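Asker: Here it is, the structure in full.
The numbers here are math on the coordinates, done by the rules we state, and not lab data. Bear in mind that the values here come from a model prediction, so they are computed numbers and not experimental data. Glycine also receives a Cβ, built like all others from the backbone with ideal geometry; neighbour counts cover every protein chain displayed.
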Amino acid sequence: MSDIQAPPGLAGVVVTDTVLGGVRGDEGFFHYREFSATELASRRTLEDIWYLFQTGELPDSSQSVEFAWRLAEHRGITDETLEIVVAAARLGSGRASLLWIRTAASILAESLGIETWLGRPIEDVADEAERLVAALPTAIAVGWRSQQGLDPIMPNPRLPLATDFLTMLSGVTPSVTAARAFEQYLILTIDHGLNASTFAARAVASTGADVGSSIVAGIGSLSGPLHGGAPSLVLDMLEDIGTIDRIRPWVRKRLASGEPVMGFGHRVYRTDDPRAVMLKGVALEIGGPLVDLAVASEAIIVEELDRHRPGRDLRANVEFYAGVVLHLVGIPTELFPACFAISRSIGWTAHILEQIADNRVIRPKATYVGPPPPVPVP
Ligand SMILES: CC(C)(COP(=O)(O)OP(=O)(O)OC[C@H]1O[C@@H](n2cnc3c(N)ncnc32)[C@H](O)[C@@H]1OP(=O)(O)O)[C@@H](O)C(=O)NCCC(=O)NCCS
């Protein structure tokens, strides 16, 4: 086969088939398997959608209860593992949270004895990934609390994952509205095409590496500010704007400086980002001054972006209202990317399992463009 020169960033290059989901940027639509992702988020639980990714079907009520219980049991972490996770979190104090969380995921993988998937039944590999991903929120909550000098709060298997995570962080059971808002954020961010972290997870899995390594690779990829970093910047921006009367001058100054307005524009969507639309609704249900400021900012920023780039139709993306919702449910800003890792690791797992079910090592090529070899070695 002759070589094909791919465009920078592999933009527009299709590298695999998937049955897990897709994004239709022109229509403002994305789906998990054959279901609208936003409809799933409005009608089902996170655990049900995890089941959908894992099995290809939505669970009936008894399957739903059974699966949620199984996941809840996997949330537990042994004291020995906990101690090492806490040590990693303490070492990572003051650094971006995904850096120590990447280490924590590695420790969890080690504690679960996860090994190469080669030559093993796929059900066993799926079980390993499920245990790791289910325990990750506990490791994040315990690690973060230790950084604040707070004692760990152990998971409560009677609670759904979203409620339990918020409880493990703060020690207070969240309101039903806050728990559901957080759950809907998690559902909406499980999967979104072959983004960089999903591709990284698949590429690592393709070598026969254990699922722990793939998930750690996913977290590493997500730790880059160009992938998962915008929600906290959105919150900084809203704080900086401060009041509704300051929005327009703030945006004009920002655009004049050549800096992008965080939480606006998207590589794929050429209309509303459906995740932003839904999270805006979620934020409005909670309400408050931050939501009022965000909604007013969105309207003015869209107007100003239209003057700045006429015809480009730049609108709010998922990260704009994600930042608002995460703040409203009590997530500390430094853990915003960690929440993204909690949900996206469910998507990574499904992609890893899909990759290994029909594997070929991902091995593209590079064109050498340096000085003509061989140059004599001095
Ligand atoms: C997401 C993003 C990187 C997409 O970039 P992209 O694919 O290059 O975007 P487009 O091709 O649609 O950009 C068209 C033009 O609008 C500008 N533009 C896009 N988003 C903008 C933003 N948020 N603020 C200001 N200008 C923006 C681009 O700079 C480009 O201008 P140019 O033609 O002079 O180069 C970009 O919109 C961005 O930086 N947004 C802010 C960061 C963010 O919210 N990231 C999270 C994404 S989920």
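Asker: Just name one of PRO310, ALA294, SER257: the one whose Cα is farthest towards the positive end of the charge dipole of region 230-328 (beta-carbon charges, Lys/Arg +1, Asp/Glu -1).
Answerer: Checking the options against the dipole of region 230-328, the answer is PRO310.
Asker: Moving to a separate point now. Per 5 Å bin, what percent of the C-alpha pairs of region 286-337 does each bin hold, from zero upward?
Answerer: The calculated distribution, bin by bin, is 4, 18, 24, 20, 15, 11, 6, 1.
Asker: Taking region 117-219, how much of its Cα-Cα pair set, in percent, is spaced more than 25 angstrom apart? Let's see the in-between values first.
Answerer: On the way: 1741 of 5253 pairs.
More than 25 Å apart: 33 percent of the Cα pairs in region 117-219.
Asker: If you bin the C-alpha pair distances of region 204-247 every 5 Å from 0, what whole percents do you get?
Answerer: Bins of 5 Å from zero give 5, 20, 15, 13, 12, 10, 8, 7, 5, 4, 2, 0 percent of pairs.
Asker: So what's the net charge close to PHE67: Lys and Arg +1, Asp and Glu -1, counting the other residues with Cβ under 9 Å from its Cβ? All intermediate terms of the calculation are to be shown ahead of the outcome.
Answerer: Numbers: positive: ARG70; negative: GLU47, ASP48, GLU66.
Every neighbour counted, the sum reads -2.
Asker: Another question about this same structure. Ranked by Cβ crowding within 10 angstrom, fewest neighbours first, how are ARG43, ARG180, ARG158 ordered? Kindly include the intermediate steps, with their values, before the conclusion.
Answerer: On the way: ARG43 12, ARG180 18, ARG158 9.
Result, fewest neighbours first: ARG158, ARG43, ARG180.
Asker: How large is the charge dipole for the chain, taken about the Cα centre, if only the Cβ atoms of Lys, Arg (+1) and Asp, Glu (-1) carry charge, to the nearest 20 debye? Don't skip to the answer; put the middle values down first.
Answerer: On the way: 32 positive and 45 negative charges, 234 e Å.
Computed charge dipole of the chain: roughly 1120 debye.
Asker: Taking the alpha-carbon centroid of each part, what is the distance from region 270-284 to region 77-133 in angstrom?
Answerer: Measuring centre to centre over Cα atoms gives 33 Å.
Asker: Return the ratio Rg/(2.2 N^0.38 Å) for region 230-328, where Rg is computed over Cα atoms only.
Answerer: Working: Rg = 12.4 Å, N = 99, 2.2 N^0.38 = 12.6 Å.
Here the Cα radius of gyration is 0.98 times the empirical estimate.
Asker: Please report SER93, SER2, SER345 as a ranked list, fewest other C-beta atoms within 10 angstrom at the top and most at the bottom. Walk me through the intermediate numbers first.
Answerer: Details: SER93 13, SER2 3, SER345 25.
Starting with the residue having the fewest Cβ neighbours, the order is SER2, SER93, SER345.
Asker: Order these peptides, 55-68, 227-240, 207-220, by their mean beta-carbon neighbour count within 10 angstrom, highest first.
Answerer: Details: 55-68: 13.9, 227-240: 20.1, 207-220: 23.3.
In descending order of packing, they fall as 207-220, 227-240, 55-68.
Asker: If you place +1 on the Cβ of every Lys and Arg and -1 on the Cβ of every Asp and Glu, how big does the dipole about the Cα centre of region 230-328 come out, in debye to the nearest 20?
Answerer: Values: 13 positive and 15 negative charges, 80 e Å.
The calculated dipole for region 230-328 is roughly 380 debye.
Asker: What ratio of Cα Rg to 2.2 N^0.38 Å holds for the chain? Can you show the working numbers first?
Answerer: Values: Rg = 21.4 Å, N = 378, 2.2 N^0.38 = 21.0 Å.
The chain yields a ratio of 1.02.
Asker: Another question, if that's okay. In 10 Å bins starting at 0, how do the alpha-carbon pair distances of region 15-102 split up by percent?
Answerer: 14, 28, 25, 28, 5
Asker: Using +1 at the Cβ of each Lys and Arg and -1 at the Cβ of each Asp and Glu in region 94-149, identify which of LEU132, VAL142, ALA105 lies farthest towards the dipole's positive end.
Answerer: VAL142
Asker: Right, something else. Would you work out the relative contact order for region 230-328, in percent, from Cα pairs under 8 angstrom that are 6 or more residues apart?
Answerer: Working: 113 pairs, mean separation 46.3, N = 99.
RCO, region 230-328: 47 percent.
Asker: Quote the convex hull volume per residue of region 131-185, based on C-alpha atoms, as a whole number of Å³.
Answerer: Numbers: hull volume 4.4 nm³, N = 55.
It comes to 80 Å³ per residue, whole-number rounded.
Asker: Next question. Have a look at ALA6, THR16, PHE35 and report the one farthest towards the positive end of the charge dipole of region 1-45, computed about the Cα centre with Cβ charges (Lys/Arg +1, Asp/Glu -1).
Answerer: The one lying farthest along the dipole's positive direction is PHE35.
Asker: Given the DSSP H assignment, sum -39500 (n - 2.57) over each helix run of at least 4 residues in the chain and divide by its residue total; what's the result at 222 nm in deg cm²/dmol, nearest 500?
Answerer: -18500 deg cm²/dmol
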